[in-house]
Amino acid sequence: MSFLIVVAVITIYWWLRSRRKPKLSPYMLERFLKITDPIPLCGKPDVVWKARDGTLIVGDYKSRENQQVYESEVIQLSVYKLLIEKTQNKPVADYGFIHFKNRYMKKVYLKKETEIISLYHSYWDVVNGEVEACVANNENYCQYCSHKHKC
């Protein structure tokens, strides 16, 4: 009987432990990063956290209380992930966190390197006039676009 109690206690302990948020400590704050390979990119991540196992995790702070995550923010964090992978020589998580004004953090899964490279080339195809730009399905995306005159 005591064996079953020990097994139950250990099982509950491991289950509770697995549900904890990882302990994160700041690794890098607002440091400008730049790469030229595989594509030229630069950026300044708001924060890069280091998990207990040494994995780096990108983060971005948003001053709004609305907790909706936009595709552009996932792309932004994905670019930061690529910058960190190429400059820090450490493992980087395939997810990041967006931290909102109300102190809520939302976990987002990031795009792969090949997807970022494809977006980069698509962007330049539009800028160079090789592909006709099309209006986004949400006009709010177009509000601040520097290429909206081409649509």
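Readers should treat all values here as calculations from the given coordinates under stated rules, not as data from a laboratory. The shown structure was predicted, so the numbers you read here are calculated from the model rather than taken from an experiment. Because the Cβ atoms are built from the backbone with ideal geometry, glycine has one as well, and the counts that use them run over all protein chains shown.
Residue exposure proxy: Asp125, Asp53, Asp60, ordered by other Cβ atoms within 10 angstrom of their Cβ from fewest to most, comes out as Asp53, Asp125, Asp60. Apply 1/(1 + (r/R0)^6) to the Cβ-Cβ distance of Asp53 and Asn102, taking R0 = 22 Å, and write down the FRET efficiency to the nearest 0.05. The formula returns an efficiency of 0.15 here.
Counting every other Cβ atom within 10 Å of each residue's Cβ, Lys101, Lys50, Lys81 order from fewest to most as Lys101, Lys50, Lys81. With each label modelled as a point 7 angstrom along the Cα→C-beta vector, the Ser63-Ser25 pair spans 3.1 nm. Rg and Dmax, both from the Cα atoms of segment 22-150 and both in Å, are 15.7, 48. Given +1 on the Cβ of Lys and Arg, -1 on the Cβ of Asp and Glu, and no further charges, what dipole in debye does segment 22-150 carry about its Cα centre, rounded to the nearest 20? That gives segment 22-150 a dipole magnitude of about 700 debye.
By the rule of a C-alpha distance below 16 Å, with chain neighbours fewer than 8 residues away ignored, the aspartates and glutamates paired with Lys62 are Glu30, Asp46, Glu71, Glu73.
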